[in-house]
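Structure, as structure tokens:
The values are calculated or read from the model by the stated rules, or taken from the named source; none is laboratory data. Since the structure is predicted, the reported quantities are computational estimates derived from the model, not experimental observations. With ideal geometry, Cβ positions are generated from the backbone for all residues, glycine too; neighbour counts draw on all protein chains shown.
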Amino acid sequence: MSTHAQELKTTAQALVAKGKGILAIDESNGTCNQRFANLSIPTTEENRRSYRKLILTTPQLSTYISGPILFDETIRQTTRNGKPFVQVITEAGMIPGIKVDTGAKDLAAHPREKVTEGLDGLRDRIAEYYRMGARFAKWRAVITIGEGIPSQACIDVNAHALARYAVLCQEGGLVPIVEPEVLIDGDHTLERCYQVSDRTLHTVFAQLYAQGVAFDQMILKPSMVIAGKDCPQQPSVDEVADATIRCLRKNPPATVAGVAFLSGGQSAEQSAAHLSSMNARYQSICPWPVTFSYARAIQQPALEHWRGEGQRVAEAQQRLLHRAKCNSAASLGDYSSEVERELALV
Ligand code: 13P
């Protein structure tokens, strides 16, 4: 058992405390720059710093967000007067997290498939992040649905790496967020997504078990079971919630500390509606809290408003807070289009 076991359990539970979720702001420089470029925001380190500061200093964010996940560049940055972002986060009552994978790369001999890298030297990087104040970590594996894929080889290597990462995190005092993302890209049906998600989660949990991960000291970050974005038959909100919960109830053991979904390219409203339907209808039969760990579904309206302009910071922060509130309501099963509008007025 990790010498950090009690601390890990406490942190994991705090991350999924009632009415709270996680905010992913751990885009790599490449991804962050791409999102900036789409809005003609100059792709400089200073702009990435200003944008992350805007997010982390949003008043009342900690009412709805338990912890933000940072990128390596961000955890080393400070406010203009030199206060480290980690300190900004802890003073606001949130828990600092860090992305520790180094990205999804082409998987040899498997065209169109990816394997996530970052295991070499990970023990030392975890120790450094812990010293810097991080208390949880994230690793994202990517599974693509298409003709003839995913291969079992792709699922196996990604599951193996997720488990190696998770045990190293627990040894070093960071709660691992285990993120096997089944991509929404493509024209596959909900049923096909269900089959792939089920096979992926089954393989991931077999590896986590085989490699000695403590389930009560980790969080699962899955994608929802949903039709591909180009599928002509789009399921209803409740159909997505039903299929997702059905798949989840087969896989993560009851002792897993929490389930926190990614938004994966769904719109802000859709991802809140799906999460809310799951909680409104199934909270009582789920053994773990079911909440959010969104990036785009919380950040996008704020980023679009900010556009790199200092005088738009306060209004951008209000938009961010609004999405955090809506998703907090969704984690309680209380989100609806009326709540979406009401909360916008508060
Ligand atoms: P999205 O919510 O934008 O999918 O991002 C979540 C995340 O952290 C992806 O790794």
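Being surrounded by 15 or more Cβ atoms within 10 Å (Cβ to Cβ) and either within 17 Å of residue 68 (Cα to Cα) or out of contact with any Leu (no Cβ under 9 Å at 6 or more places or on another chain) (or both) holds for only one residue in 337, 293, and it is 293.
The residue of the range 299-325 that is surrounded by the fewest Cβ atoms within 10 Å (Cβ to Cβ), among those that are closer than 20 Å to residue 47 by Cα and in contact with a Phe, Trp or Tyr (Cβ under 8 Å, 6 or more places away or on another chain), is 312. Of the candidates 204, 182, 240, the single residue that is farther than 22 Å from residue 116 by Cβ and touching a helix residue (DSSP H, G or I) at 6+ places or on another chain (Cβ under 7 Å) is 240.
Residue check: is residue 328 within 16 Å of the chain's Cα centre (by Cα), touching a residue at least 24 places away in the same chain (Cβ under 8 Å), buried (at least 17 other Cβ atoms within 10 Å of the Cβ) and not in a helix (DSSP H, G or I)? No, not satisfied. If you go through the range 72-92 and keep only what is among the charged types (D, E, K, R), assigned to a loop (DSSP other than H, G, I, E, B) and out of contact with any Asp or Glu (no Cβ under 9 Å at 6 or more places or on another chain), you end up with 76, 80.
Set side by side, the residues 107, 39 differ, and just one is among the hydrophobic types (A, V, I, L, M, F, W, C), in contact with an Asp or Glu (Cβ under 6 Å, 6 or more places away or on another chain) and more than 15 Å from the ligand (Cβ to nearest atom), which is 107. Within the bounds of the range 283-291, is there any residue that is within 16 Å of the ligand (Cβ to nearest atom), at pLDDT 95 or above and within 12 Å of the chain's Cα centre (by Cα)? The answer is yes, given that some residue of the range 283-291 is within 16 Å of the ligand (Cβ to nearest atom), at pLDDT 95 or above and within 12 Å of the chain's Cα centre (by Cα).
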